[in-house]
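Accompanying notes for the structure given below.
The values are calculated or read from the model by the stated rules, or taken from the named source; none is laboratory data. Keep in mind that what you see is a predicted model, and the values were worked out from it rather than measured. All Cβ positions, even for glycine, are placed from backbone atoms using ideal geometry, and neighbour counts span all protein chains on display.
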Amino acid sequence: MRLPSWLSQHLAALRALLVFTVLLGLAYPLAFVALGRVPGLDGKADGSLITVADKTVGSSLIGQAYTDADGNPIAKYFQSRPSAAGDGYDPTSTSASNLGPNSVVDTLSDNPDDASQSLLTQVCSRSLAIGKLEGVDGSRPFCTSDGVGAVLAVFYRDGLTGPVTRVVSVNQTGTPFLSTYDGVTVEPAKAGEDYQALGGVITPIRGDAPAHPVVPADAVTASASGLDPDISPAYAALQVPRIARERGMTEAAVKALVKDHTSDRALGFLGEPAVNVLELNLALDQAK
């Protein structure tokens, strides 16, 4: 007896569903689970977890903070790159700040929940803090001495041209970083005011900071994922004197550990050399 065409089509679809369920829903995942058990690959499949004395201390693929309960850096450890993932290095909230080079004006508000820092001010404040921690010059171009973006809203008589009639330091509610600009007294900003909407021309001021800051770029900017486990050799080198002092080690010994935990460019030309912070800090603890 020949089945109706509609029933034959449904049975064919059911057979295809069962076959592909077995292949793609069972065989394919199980094959990759088995592949992940191959010696040499099993650690990566499990998340590259690092265990010390039967205690998991982290993953070599995910960064973490080395700070105390108040959020202050623990001086005897190398510090990681900043993170914008959740409250920091949260793998369930991996993300970047989504702020770009044009983010130079802070949102000032009397309500802390409504206030936010521009990318420029975040970089300036981080650089200043790292400079104090490491005992080096933390100044950067376009940053004020108190660690905010050195940005003015300049008002011209004819809109974009003509004499300057008013100047506001848009990121400072206290004493402005400049007393005058083009002969006009610089005003502090007022919370809630949008000076660009009022006609001010946003004007970053470079200042006299060195063109090549002492504090490296990766020390003051978060990665795209917010989970970067590595820092640059330059940032590691900046921290060596502090680590040696805090641990009573010679700088040569600390530099040797940094070298041992520095990975080269992939295939010799992809990316940049990097230092794994977790592995380096564990090696420091073991050396002690």
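Within the stretch 236-249, does at least one residue satisfy the condition of being within 21 Å of the chain's Cα centre (by Cα), surrounded by fewer than 19 Cβ atoms within 10 Å (Cβ to Cβ) and either basic (K, R) or not assigned by TED's automatic domain parsing to the domain that holds L282 (or both)? No, there is no match, as no residue in the stretch 236-249 is within 21 Å of the chain's Cα centre (by Cα), surrounded by fewer than 19 Cβ atoms within 10 Å (Cβ to Cβ) and either basic (K, R) or not assigned by TED's automatic domain parsing to the domain that holds L282 (or both). Scanning the stretch 110-156 for residues that are farther than 25 Å from G200 by Cα and modelled with pLDDT under 95 yields a single hit, D113.
In the set (1) assigned to a strand (DSSP E or B); (2) in contact with a Gly (Cβ under 7 Å, 6 or more places away or on another chain), S127 fails one condition alone, (1).
Checked against the criterion of being in contact with a helix residue (DSSP H, G or I) (Cβ under 7 Å, 6 or more places away or on another chain), polar (S, T, N, Q), surrounded by 14 or more Cβ atoms within 10 Å (Cβ to Cβ) and part of a loop (DSSP other than H, G, I, E, B), the stretch 64-76 has at least one qualifying residue.
Could you please find all residues in the stretch 259-279 being hydrophobic (A, V, I, L, M, F, W, C) and either touching a His at 6+ places or on another chain (Cβ under 6 Å) or crowded, with 17+ Cβ neighbours inside 10 Å (or both)? Can you show your working first?
At the first step, the residues of the stretch 259-279 found to be hydrophobic (A, V, I, L, M, F, W, C) are 266-267, 269-270, 274-275, 277-278.
Across the stretch 259-279, the qualifying residues are A274, V275, V277, L278.
Residues are listed down the side, and each one gets a yes or a no for (1) outside the structural domain of V104 (by TED's automatic domain parsing); (2) in contact with a strand residue (DSSP E or B) (Cβ under 7 Å, 6 or more places away or on another chain); (3) crowded, with 19+ Cβ neighbours inside 10 Å:
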residue: E187; (1), (2), (3): no, yes, no
residue: K190; (1), (2), (3): no, no, no
residue: Y195; (1), (2), (3): no, yes, yes
residue: V201; (1), (2), (3): no, yes, no
residue: H212; (1), (2), (3): no, no, no
residue: P216; (1), (2), (3): no, no, yes
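Show the residue pairs that are 6+ apart or on different chains and have beta-carbon atoms under 7 Å apart, the first residue being within the stretch 58-83 and free of Cβ contacts under 8 Å to residues at least 24 places away in the same chain, the second being acidic (D, E). Close Cβ pairs satisfying both conditions: I74/D68.
Among residues that are surrounded by 10 or more Cβ atoms within 10 Å (Cβ to Cβ), modelled with pLDDT under 85 and not assigned by TED's automatic domain parsing to the domain that holds L280, L30 is not included. Apart from one condition, G100 fits all of (1) at pLDDT 85 or above; (2) small (G, A, S); (3) exposed (fewer than 10 other Cβ atoms within 10 Å of the Cβ); (4) not in a loop (DSSP other than H, G, I, E, B); the exception is (4).
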